[in-house]
Amino acid sequence: MGRETNPQGGDSATGGTTEDAGRGRRDGGLASRRTILRLSGVAGVGALAGCVGGAGLGNQGVDSVTYGVLSPMTGPYGGLAEGQRNGAKLAVQHVNESDEFGFEMDAVYEDTEADTATGRQVAQKVVQQDGAGFLMGAISSSTALALNSFAENEEVIYNPGAAAMNITGAECNEYVFRAETHTAQIAEAVAPWTANNVGTNVWFHIADYAYGQSVRREWSSRMQATSDDFTEVGVSRSQLGATNYGSYISQISNSDADVAVLGMTGGDLINFTKQAANQGLKDDVQLVSPTMTFQVVRNALGPAAYGTYGGVRYVPKLETGDNQEFVSAYQDAYDTVPDSFARVAYDSIRMTAHGIAEAGSSDPEEVKDTLPGLEVPSTFGPNRFRECDHQAMNPVWAGENVEPNGGGPANVALRQKVEGPNAIPPCDETNCDL
């Protein structure tokens, strides 16, 4: 299954400052991973765990690969991170037990704490101390954007677990390959459906960071393009991790809005929706969120989720690709069904592993040139990281949370599907320049 490392502290032991870790400096201070490889030669490469290359190192074949899995196990996304880590563990097991690959995958697990500086520090640790040439993780888009930059500086491949459009948009780079479904893909499916089926007088409430800002931008533009009746009634913003939303709920309740689009996730979305239900907002205003259908959200909300709407990135019942094999393996391992974060981690590592096998090398430089456009298996069926922005071509759905027979957490009713090629924005609209 590969080794697991779970240090208790978040501080890096490499001696650099947080700023140094974020920049991955090459000119004095900390050397990049690739600089270390160039200076140390093949013998030095062998000393870096998991960095024994193939085609890039004399066509010797791939012996082992080290993945750093960086999840926010503590902090506001702790409830979401468990699935991400479990999905990553199952992906490592899949690679090691499958005849498709022929190399051993090790994993090093760290906690980003949903904090940008901590994310950089643990990334630096797994790359420079543990020899990881591949990273997966983060749920906070702000942390993911910091890891984007880190991956480019260190020349290692990174699979983001966050959804802001600009991760594979304006802030893209050649080392970033995302299997997560981003905000524009979800907006493409759900924003027009919302305008046509739920309402057009819209209040946006967002958690004021990269993800929330991306939701407002993507949804507003698509709803406006769908309906001449669309009106942005108002916008409110709360800090990530806020706990009291009463004043925002009152503003929405006293407005002309018939829909509130919530650009938030995790504990923020759960707390807001609970308080909105308690204050009677749901009686007059429909609540819609790109992440309202997430398993952890529905479980936490119970009846408060009934009658709400959301984007669907993934649900276990999908009969796509080899999803049912994944669900069965996940249930056997963890005695529960996987959520979207587990699916993202599983597909991220597995899709990248096919790129490693295709390249015949664990050198990120070789793999990054092989992965773009390569058709590989996924839980959604044949999939690929698109050449122009390295974004996976995932299908998306509009969904409604409906009351199940006997009560309990809401079930997700899939209302409309948009196939992957139709959900993703055209290359010339992503602002990604590779």
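Worth a mention:
- Among (1) within 30 Å of E113 (Cα to Cα); (2) open to solvent by 30 Å² or more (accessible area, probe 1.4 Å); (3) in contact (Cβ under 8 Å) with a residue 24 or more places away in the chain - the single one R222 does not satisfy: (1)
- Screening V233 on (1) open to solvent by less than 30 Å² (accessible area, probe 1.4 Å); (2) in contact with a strand residue (DSSP E or B) (Cβ under 8 Å, 6 or more places away or on another chain); (3) not in a loop (DSSP other than H, G, I, E, B) shows it passes everything except condition (1).
- Candidate set: the range 258-302, residues that are within 18 Å of the chain's Cα centre (by Cα) and assigned to a loop (DSSP other than H, G, I, E, B); chosen: the one surrounded by the most Cβ atoms within 10 Å (Cβ to Cβ): P290
- Residue satisfying all of: in the range 402-413; in contact with a Gly (Cβ under 7 Å, 6 or more places away or on another chain) and part of a strand (DSSP E or B); surrounded by the most Cβ atoms within 10 Å (Cβ to Cβ) among these: V412
- Within the range 201-214, the residues that satisfy the criterion of being in contact with a helix residue (DSSP H, G or I) (Cβ under 7 Å, 6 or more places away or on another chain) and without any contact (Cβ under 8 Å) to a residue 60 or more places away in the chain are V202, F204, I206.
- Within the range 356-371, being of a type outside the set (D, E, K, R) and in contact (Cβ under 8 Å) with a residue 24 or more places away in the chain holds for I356, A357, A359, G360, S361, S362, P364, V367, L371.
- Among the residues making up the range 245-257, those that are assigned to a helix (DSSP H, G or I) and not small (G, A, S) are Y248, I249, Q251, I252.
- Verdict on A242 being under 30 Å from T74 (Cα atoms) and part of a strand (DSSP E or B): no
- When residues in the range 386-401 are screened for being of a type in the set (A, V, I, L, M), out of contact with any Leu (no Cβ under 8 Å at 6 or more places or on another chain) and either open to solvent by 40 Å² or more (accessible area, probe 1.4 Å) or in a strand (DSSP E or B) (or both), 2 of them pass.
The values are calculated or read from the model by the stated rules, or taken from the named source; none is laboratory data. Since the structure is predicted, the reported quantities are computational estimates derived from the model, not experimental observations. Every residue, glycine among them, receives a Cβ derived from its backbone with ideal geometry; neighbour counts consider all protein chains shown. These area figures cover heavy atoms from the full protein model, side chains too; ligands, DNA and RNA do not enter into them. Shrake-Rupley method; radii C 1.70, N 1.55, O 1.52, S 1.80 Å.
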